[in-house]
Amino acid sequence: MNGKDSKIVPEDLDALITELHRVFSEDCVNVEYVHALMTSYKSNPDDWRKFAKFDPHRYTRNLVNSGNGKFNLIVLCWGEGQGSSIHSHSDSHCFMKILDGELQESMFEWPDKEGEKEMTNTQINTYKKDEVAYINDSLGLHRVENVSHTNSAISLHLYSPPFDLCECFDQRTGHRSQSKVTFWSINGEKTPFRKGAKAYDEIAQPEKASEVKENTAESTSTCN
């Protein structure tokens, strides 16, 4: 990261997206700079309101920008009491910025592949508006929840590289299942229901997860 990069403060979501495209056009991406860039963008509902789509039964994943094949940007909307399962990130980098409300992150160790054992909760973090969390598989697994029963929450997620498969885990046994992730909307438009397609996000509803083909997303190296 050079001195010029360190001074960039996106004035709106479009400016953030433009800078992310520049950053991810390079072969080597500075994770610390991406974290600082996501933090420096100040949440403005006028920027992301069109992407904020809620579902009364589960949290939603709403695609904002598909990036350049090396990342994507997604708005997640969490109704009161909604949360994800414990899940991995398919060897991707995950940045989570709070746009509105607050979210609780529960971190877990990877379970043993043999035998049944309750998973170990290593840390619980609470993130508020404009704060940014980061995780990758080397740091462990996590579950994200809106624990409020009176307020919704909205978060902006960057994944690099993008993925459509991950592993979900049963906290009581450590059992894992491969799960497909989906988009509730794309560019503010509800994704059409197709005959035979699953109308749910398997991270949000892990009991419905089934085997799917392996993803072959383009990888991105990182710089310290």
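General remarks:
- Residue match in the stretch 121-129 (condition: open to solvent by less than 80 Å² (accessible area, probe 1.4 Å), of a type outside the set (D, E, K, R), in contact with a helix residue (DSSP H, G or I) (Cβ under 7 Å, 6 or more places away or on another chain) and under 22 Å from Lys53 (Cβ atoms)): no
- Matching residues in the stretch 151-179 - criterion: being open to solvent by 30 Å² or more (accessible area, probe 1.4 Å) and closer than 15 Å to Tyr59 by Cα: Asn151, Ser152
- For the stretch 37-61, residues that are open to solvent by less than 40 Å² (accessible area, probe 1.4 Å), of a type in the set (Asp, Glu) and either more than 23 Å from Thr182 (Cα to Cα) or touching a helix residue (DSSP H, G or I) at 6+ places or on another chain (Cβ under 7 Å) (or both) total 1.
- Looking across Val34, Val64, one residue alone is assigned to a helix (DSSP H, G or I) and crowded, with 22+ Cβ neighbours inside 10 Å. It is Val34.
- Residues that are modelled with pLDDT of 95 or more and either open to solvent by less than 10 Å² (accessible area, probe 1.4 Å) or more than 15 Å from the chain's Cα centre (by Cα) (or both), drawn from the stretch 68-81: Phe71, Leu73, Ile74, Val75, Leu76, Cys77, Trp78, Gly79, Glu80, Gly81
- When the stretch 180-196 is limited to residues that are at pLDDT 95 or above and open to solvent by less than 40 Å² (accessible area, probe 1.4 Å), the one that is nearest to Gly115 (Cα to Cα) turns out to be Ser185.
- Here Ala133 qualifies as open to solvent by less than 20 Å² (accessible area, probe 1.4 Å) and either under 30 Å from Ser25 (Cα atoms) or of a type in the set (Asp, Glu) (or both).
- If you go through the stretch 82-115 and keep only what is β-branched (Val, Ile, Thr) and either out of contact with any Ser or Thr (no Cβ under 6 Å at 6 or more places or on another chain) or open to solvent by 10 Å² or more (accessible area, probe 1.4 Å) (or both), you end up with just Ile86.
The values are calculated or read from the model by the stated rules, or taken from the named source; none is laboratory data. Bear in mind the structure is a predicted one, so any value in this text is a computation, not a measurement. In this analysis, Cβ positions are derived from the backbone assuming ideal geometry, glycine residues included, and neighbour counts consider all displayed protein chains. Quick note on the areas: whole protein, heavy atoms, side chains included, nothing else; ligands and nucleic acids left out. Shrake-Rupley method; radii C 1.70, N 1.55, O 1.52, S 1.80 Å.
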